[in-house]
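Shown below is the structure under consideration.
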Amino acid sequence: MADTSVDGSHGSNVTRRTFVARGAVGAAGLFASLSLGESPSRADVSKTGSVDFPRGFLWGVATAAHQVEGNNVNSDLWLLEHLKPTLFTEPSGDACDHYHRYKDDIALVKRLGFNTYRFSIEWARIEPEKGFFSLAELEHYRRMLAACHEQGLTPMVTFWHFTVPRWFAAIGGWERTGADDLFARYAERAAKHLGDMIGAATTFNEPNIPMVLKWGNLFPKAVLTAAGAMLQQAAHRTGTDHFSDFLLGDANKQRDVMLPAHYRAIAAMKAGPGKYPVGVNIAISDDQAIGADSQRDVKRTTLYGPWLEAAAKSDFVGVQTYTRSRVGKDGDLPPEAGVELTQMGYEFWPESLEQTIRYAAQHAKVPVYVTENGIGTEDDTRRIEYTMRALAGVAACLRDKIDVRGYIHWSLMDNFEWNSGYRPKFGLVAVNRDTQERTPKPSAKWLGGIAKRNSF
Ligand code: BGC
């Protein structure tokens, strides 16, 4: 596909051939060196043209609690999913029953060849009532961490991945001034209980999503009206005036509360046991300027600016990307006619990874982990193609000595894709919805093989 940018700085269409030809010599450090600030090691290109990634490179797969655990009954979303009417296609229900099957799932991550498992701990389980912390649930996550260590996997823990306790939503959620106190207290309790076993952590998963949605005007009027009615019902059910929802809430207010919450959570983690790097995962699209009066730079400043600044003051930035956006003078343009779309309606654009790594590294000036990248598709051959081209981008960044330290694929298994329910298939592993049986797809074996060899 052609490079449609005005400045030509992105949109490189890297094929397998160009990837091999480019080779990848670059910088990325040992995982352990991150917190110690040692300089990164180098990647090598062998005589056969394959690329060896740097020693200690993290190869992982990711999940998020609400999407895989099942029965997250004290969360805000569980309530919203069960309202009538609801905007959710279907309820999360048992999800992948990962809450009970985590041991086998973690063993599978190892068996496939990965060395890292990124998962989230669920605030709604750990603090099901305001100020009441469940030791049993904290112990559950300790067991998950232990399972990772038994398998020799580095556990990367997300402290918040979209869902909140129902009581938190009912008192205003992230729109409430002072919510940072509540998140900091939760982070402190969780870090104290789990910190000695954590390999790396992130405070928030994509805290900039409300801004992304606002920018793209992604909710049609009818959806907003339905959402308003749904939230009113939720407020009524919880005896409050305003039930706050992260995606629908005031993006500016939430940002202003979440930024201090991020810093306070980092401080809490650093004060607790263990010594592990802490970052934040940002949703970034490969924004391409179309036309001289493109709003591309305004978009970047608004959507990513504050969080890249936050990442700059953290140990690393987590890059999460799925596609590109072509940004014109009035905002994002729809994908061009005839381009391949994924199940989410995104343009098939694996090259976004290279561009977003470059962009994030340049602005945050801290090491980069790709904490999410993947594709919703029923066609596993497209997943392989997508990931191969995305990895070519990682290799190109390494060649240019950008400090990329890991690639974590979204997702380990097909799971609950929020309001889209179980239809989109992001997993390397298929999950039978009746029996919960896991079946690795060819992409799982392919990517796991690369991880095992640390070479492509
Ligand atoms: C989120 C995941 C989600 C994925 C695919 C990311 O924005 O962190 O929870 O499943 O995208 O849509």
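The values are calculated or read from the model by the stated rules, or taken from the named source; none is laboratory data. Because the structure is a prediction, the values reported are computed rather than measured. Cβ sites come from the backbone with ideal geometry, for glycine too, and all protein chains shown count toward neighbours. For accessibility, only protein heavy atoms count, side chains too; no ligands or nucleic acids. Shrake-Rupley method; radii C 1.70, N 1.55, O 1.52, S 1.80 Å.
Across the chain, where is the longest run that never hits trypsin sites (Lys or Arg not before Pro) in a DSSP loop with at most 16 other C-beta atoms within 10 Å? Before the final figure, lay out the partial values.
Values: sites that count: Lys47, Arg55, Lys130, Lys275, Lys313, Lys329, Lys365, Lys401, Arg433.
The segment 131-274 is the longest one with no such site.
Here is a follow-up. In nm², what is the average projected area of the convex hull enclosing the Cα atoms of region 177-227? Working shown, then result.
On the way: hull surface 22.3 nm².
Answer in nm², one decimal: 5.6.
Moving to a separate point now. 5 Å is the cut-off here: which amide hydrogens, built 1.01 Å from N in the peptide plane, fall below it relative to Asp94, excluding neighbours closer than 5 in sequence?
Asn71
With θ set to phi - 60°, apply the Karplus curve 6.51 cos²θ - 1.76 cosθ + 1.60 along region 127-141 and write out the HN-Hα couplings as whole Hz, x wherever there is a Gly or Pro.
Taking θ as phi minus 60°, the curve returns 10, x, 10, 3, x, 9, 9, 9, 5, 4, 6, 4, 5, 4, 5 Hz for region 127-141.
In region 213-298, what is the volume of the convex hull around the alpha carbon atoms, normalised per residue and reported in Å³?
Numbers: hull volume 13.8 nm³, N = 86.
Dividing the Cα hull volume of region 213-298 by its residues yields 160 Å³.
Using 0.36 nm times the number of residues separating Val223 and Lys84, minus their current alpha carbon distance, what extension gain do you get? Kindly include the intermediate steps, with their values, before the conclusion.
Details: separation 139, 0.36 × 139 = 50.04 nm, distance 1.46 nm.
The Val223-Lys84 span can extend by a further 48.6 nm.
Treating only the Cα positions of region 328-386 as identical point scatterers, give the base-10 log of I(q)/I(0) from the Debye formula at each q in 0.23, 0.27, 0.31 Å⁻¹.
Once normalised to I(0) and log-transformed, intensities are -1.03, -1.12, -1.24.
Follow-up. What's the extension gain from Lys130 to Lys329 if we count 0.36 nm per residue and subtract their Cα-Cα distance?
Values: separation 199, 0.36 × 199 = 71.64 nm, distance 4.55 nm.
Going from the current span to full extension adds 67.1 nm.
Can I ask one more? List the residues whose amide H sits under 5 Å from the amide H of Ile402, counting only those 5 or more places along or on another chain, with H placed 1.01 Å from N in the peptide plane.
Ala27
Taking a probe of 1.4 angstrom, what is the accessible area of Leu218 in Å², to the nearest 10?
100
Also: Using just the Cα positions, wrap region 134-188 in a convex hull and report its mean projected area in square nanometres, one decimal place. Let's see the in-between values first.
Details: hull surface 18.0 nm².
Averaged projected area of region 134-188's Cα convex hull equals 4.5 nm².
Oh, and also: Give the carbon-plus-sulfur fraction of the accessible surface of the chain in %, rounded to a whole number; probe 1.4 Å, heavy atoms of protein chains only. Before the final figure, lay out each step's value.
Working: 9190 of 17430 Å².
C and S atoms contribute 53 percent here.
In percent, what relative contact order does the chain have, based on Cα pairs under 8 Å that are 6 or more apart in sequence?
Across the chain, relative contact order equals 21 percent.
Using only Cα atoms, what is the ratio of the radius of gyration of region 334-453 to 2.2 N^0.38 Å?
On the way: Rg = 15.2 Å, N = 120, 2.2 N^0.38 = 13.6 Å.
Normalised Rg, Cα atoms only: 1.12.
Hey, can you grab everything whose amide H is under 5 Å from the amide H of Arg326? Only 5+ residues off in sequence or another chain; H modelled, so Pro and N-termini drop out.
Gln288, Leu333
What list of ³J(HN,Hα) couplings, whole Hz, do you get for region 310-324 from phi and the Karplus terms 6.51, -1.76, 1.60, once you set θ to phi - 60° and write x for glycine and proline?
Along region 310-324, the couplings run 5, 5, 4, 9, 10, 7, 7, 10, x, 9, 10, 9, 10, 7, 10 Hz.
Rounded to the nearest 5, what is the percent of antiparallel bridges among the DSSP beta bridges in the chain? Walk me through the numbers before you get to the answer.
Working: 14 of 51 bridges.
Bridges in the chain are about 25 percent antiparallel.
Report, in cubic angstrom per residue, the convex hull volume of the C-alpha atoms of region 149-276.
Normalising the Cα hull of region 149-276 by residue number yields 126 Å³.
Hey, any idea what Rg/Rh is for region 115-154, computing Rh the Kirkwood way over Cα pairs? Display every interim value, and only then the final one.
Numbers: Rg = 11.9 Å, Rh = 11.0 Å.
My calculation of the ratio gives 1.08.
Moving on. Going from the alpha-carbon gyration tensor of region 220-267, what semi-axes, largest first and in whole Å, does one get by taking the root of 5 times each eigenvalue? Display every interim value, and only then the final one.
Working: eigenvalues 138, 42, 9 Å².
Computed over region 220-267, the values are 26, 15, 7 Å.
Suppose the chain between Asp196 and Ala312 were pulled fully straight at 0.36 nm per residue; how much longer would it get relative to their current alpha carbon spacing?
Values: separation 116, 0.36 × 116 = 41.76 nm, distance 2.45 nm.
That pair, Asp196 and Ala312, stretches by 39.3 nm at full extension.
Out of all DSSP beta bridges with both ends in region 323-450, state the antiparallel percent to the nearest 5.
Values: 7 of 11 bridges.
Of all bridge pairs located within region 323-450, approximately 65 percent are antiparallel.
Kindly give the semi-axes, whole Å and largest first, of the ellipsoid equivalent to region 390-456, taking each as the square root of 5 times a Cα gyration tensor eigenvalue. Don't skip to the end; give the middle numbers.
Details: eigenvalues 166, 44, 11 Å².
So the three semi-axes of region 390-456 are 29, 15, 8 Å.
Please report the antiparallel percentage of DSSP beta bridges with both residues in region 115-261, rounded to the nearest 5. Display every interim value, and only then the final one.
Numbers: 1 of 9 bridges.
Among the beta bridges of region 115-261, antiparallel pairing accounts for roughly 10 percent.
Another question about this same structure. Holding the Cα-Cα limit at 25 Å, pick out from Lys329/Lys365; Lys299/Lys401; Lys275/Lys425; Lys313/Lys452; Lys221/Lys299; Lys221/Lys425 the pairs that are longer than that.
On the way: Lys329/Lys365 29 Å; Lys299/Lys401 27 Å; Lys275/Lys425 35 Å; Lys313/Lys452 32 Å; Lys221/Lys299 22 Å; Lys221/Lys425 28 Å.
Pairs exceeding 25 Å: Lys329/Lys365; Lys299/Lys401; Lys275/Lys425; Lys313/Lys452; Lys221/Lys425.
Which three semi-axes in whole Å describe the equivalent ellipsoid of the chain, each the square root of 5 times a Cα gyration tensor eigenvalue, listed largest first? Provide the component values of the computation, followed by the final result.
Working: eigenvalues 198, 137, 96 Å².
Square roots of five times the eigenvalues give 31, 26, 22 Å.
Let me ask something else. Rounded, prolate or oblate for region 371-417? Axes are the square roots of the Cα gyration tensor eigenvalues, ordered a ≥ b ≥ c, and the cut-off for rounded is a/c under 1.5. Don't skip to the answer; put the middle values down first.
On the way: a/c = 4.21, a/b = 1.81, b/c = 2.33.
Here region 371-417 falls in the oblate category.
Using θ = phi - 60° and the Karplus relation 6.51 cos²θ - 1.76 cosθ + 1.60, list the HN-Hα couplings for region 277-287 in order, rounded to whole Hz, with x at every Gly or Pro.
With the stated coefficients, region 277-287 comes to x, 10, x, 9, 9, 10, 7, 10, 9, 7, 7 Hz.
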